[in-house]
Amino acid sequence: MLGRLVQDPKFPTVTIYNHLDVQPADAEEWRSPPFKLVRDGDRWLGRGTTDDKGPALAALFGARLALQDGVPLNFQFLWETEEEMGSPSFEAALRKLAKADKPLRTDSIVVSDSLWPQAGRPAIPYGLRGLVGFCVRLQTGDKDVHSGTTGGAARNPLGELCALINDCYDARTGRVKIPGFYHDVRRLGAAERRGLSRAGFSRRHFQLAHGLSSVRFPDDAHLREAIMTAPTFEVHGLTGGYTGAGIKTIVPHRAEAKLSCRLVPDQTPAGVFNLIQRFVKQRCRDAEVIHESSLSPFLVDPSGPHLEAAQQAMFEAFGKRPALTREGGSIGAVVTMDRILRAPVVLLGLSLPEHGYHAVNENFDWGQASRGMEMFCRYFASLAEIPRRS
């Protein structure tokens, strides 16, 4: 969905991107109906409140304040409804808009779909991890068979996939064991490492906010870099065999592992997928490796007038100088807009870990919303003063 508010064609234009689609919700675990907006003190509960409808409304009302103040700026609102499923239609739609009778052009882009490391510690990401998602399927027969009459002789695809996953990475440390996986990873310099340390990331708060009883690393620095600057190998699901109550003594004939890797500069989804596919085929020739989705990493130079304006606007609204960080997640639309629209992209997120991205009882609080509106208004005023590119 594209909405335009053009005050004067001579004014610079900012494009504001957000997404409105949400993850499914398990209603049984929610304190309130997940798809009904419910107020609880200074918080509003509901699926999508922080990811990403609350920040979208903060940007919208920030633009309204800027218009009331007479800020000489044009606004374009680009709202997507497929982000949570990988933005399959976004690139084609964006290219079509770029070639329309009134083509989509912009001087800058702002996205409010990112997290602060913790409450009270403002942060602006200048990078996002990429993603390659894939499934590994293995079928060794036509049907499940009795373990008493075939066990020990029949291949067990569940067991083989478990062994294969163990060969791929160390589940205790997260270290990927596939040869060449880290070959293209850009080294983190000392200055950048010091900058990331200013984000105020703490293991204790991280565990509390995400409901984690334990994590892989005891120290803040190692944990922070594992999220912000390191690639990953994750197991999302393993299916096959009997999953009902008790035990059914069969040997399954089919199994599937659902997997993904988060990527960092300068890894490429195609390069990493090829490494994984070759590695799997070497160890299990009849396994099928199915590509599901890909997103490239995103990284910008953390300097320049747009990011400086964003830092100042966040400081004036929240009272603290924001840290420059890297986001552990991925936003496919950001990479697409950067490539097609060729305009500076700034990530001005308002969400906190305790808001519960994709979790039960997702919420957004008035403090982040109200000061977020002020932040956007100040940022838009600054954008109007940045010289337009020739």
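The values are calculated or read from the model by the stated rules, or taken from the named source; none is laboratory data. Just so we're clear, the structure is a prediction, and the values are computed from it rather than from any experiment. So basically every Cβ, Gly included, is an ideal-geometry build from the backbone, and we count neighbours across all protein chains shown.
For the range 278-300, which positions are outside any strand (DSSP E or B) and touching a residue at least 60 places away in the same chain (Cβ under 8 Å)? Break it down stepwise before answering.
Start the filter on the range 278-300 by keeping residues that are outside any strand (DSSP E or B), which leaves 278-287, 296-297, 300.
Selection gives Phe279, Val280, Arg283, Cys284, Asp286, Ala287, Ser296, Pro297, Val300.
Scan the range 91-102 and tell me whether some residue there is touching a Phe, Trp or Tyr at 6+ places or on another chain (Cβ under 6 Å) and either closer than 29 Å to Gly329 by Cβ or touching a residue at least 12 places away in the same chain (Cβ under 8 Å) (or both). Let's see the steps before the verdict.
So in the range 91-102, the residues touching a Phe, Trp or Tyr at 6+ places or on another chain (Cβ under 6 Å) come out as none.
Scanning the range 91-102 turns up no residue that is touching a Phe, Trp or Tyr at 6+ places or on another chain (Cβ under 6 Å) and either closer than 29 Å to Gly329 by Cβ or touching a residue at least 12 places away in the same chain (Cβ under 8 Å) (or both).
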Inset, instruction - Please give the number of the condition Gln76 fails out of (1) polar (S, T, N, Q); (2) at pLDDT below 95; (3) not in a loop (DSSP other than H, G, I, E, B). - result: (2)
Inset, instruction - Using the structure shown, decide if Arg216 is surrounded by 12 or more Cβ atoms within 10 Å (Cβ to Cβ), outside the structural domain of Val145 (by TED's automatic domain parsing) and either aromatic (Phe, Trp, Tyr) or not in a loop (DSSP other than H, G, I, E, B) (or both). - result: no
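Every residue, every condition in (1) surrounded by fewer than 22 Cβ atoms within 10 Å (Cβ to Cβ); (2) under 21 Å from Leu37 (Cβ atoms); (3) in contact (Cβ under 8 Å) with a residue 40 or more places away in the chain, yes or no:
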site	(1), (2), (3)
Arg339	yes, no, no
Val346	no, no, yes
Glu362	no, yes, yes
Arg371	yes, yes, yes
Inset, instruction - Filter the range 271-312 down to residues that are of a type in the set (D, E, K, R) and out of contact with any helix residue (DSSP H, G or I) (no Cβ under 7 Å at 6 or more places or on another chain) and give me whichever is nearest to Gly141 (Cα to Cα). - result: Asp286
Legend entry - Qualifying positions in the range 200-213 - over 17 Å from Tyr357 (Cβ atoms) and surrounded by 13 or more Cβ atoms within 10 Å (Cβ to Cβ): Gly200, Ser202, Arg203
Legend entry - Residue check, Val264 in contact (Cβ under 8 Å) with a residue 24 or more places away in the chain, within 16 Å of Cys168 (Cα to Cα) and buried (at least 17 other Cβ atoms within 10 Å of the Cβ): no
Inset, instruction - Among the residues of the range 320-348, write down those that are assigned to a loop (DSSP other than H, G, I, E, B) and under 19 Å from Leu115 (Cβ atoms). - result: Lys320, Arg321, Pro322, Gly328, Gly329, Ser330, Ile331, Leu348
Inset, instruction - Show the residue pairs that are 6+ apart or on different chains and have beta-carbon atoms under 8 Å apart, the first residue being within the range 241-252 and in the same structural domain as Ala153 (by TED's automatic domain parsing), the second being part of a strand (DSSP E or B) and of a type in the set (Val, Ile, Thr). - result: Gly241/Ile250; Tyr242/Ile250; Ile250/Val145; Val251/Val145
Inset, instruction - Taking the residues in the range 219-242 that are among the small types (Gly, Ala, Ser) and part of a loop (DSSP other than H, G, I, E, B) as candidates, determine which candidate is nearest to the chain's Cα centre (by Cα). - result: Ala230
Inset, instruction - Counting only residues that are of a type in the set (Ser, Thr, Tyr), give me the strands (runs of 3 or more DSSP E) lying completely in the range 82-193 with at least 1 of them. - result: 108-111, 123-128
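Might you check whether a residue that is over 24 Å from the mean Cα position of the chain (by Cα) and at pLDDT 95 or above occurs anywhere in the range 111-126? Step through it out loud before you land on a result.
Restricting attention to the range 111-126, the residues satisfying the condition of being over 24 Å from the mean Cα position of the chain (by Cα) are none.
No; the residues of the range 111-126 include none that is over 24 Å from the mean Cα position of the chain (by Cα) and at pLDDT 95 or above.
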Inset, instruction - From (1) within 26 Å of Ser294 (Cα to Cα); (2) small (Gly, Ala, Ser); (3) in contact with a helix residue (DSSP H, G or I) (Cβ under 6 Å, 6 or more places away or on another chain); (4) surrounded by fewer than 18 Cβ atoms within 10 Å (Cβ to Cβ), pick out the condition that doesn't hold for Gly240. - result: (4)
Legend entry - Which numbered condition Ala59 fails, given (1) in contact with a Pro (Cβ under 6 Å, 6 or more places away or on another chain); (2) among the small types (Gly, Ala, Ser); (3) closer than 20 Å to Glu385 by Cα: (1)
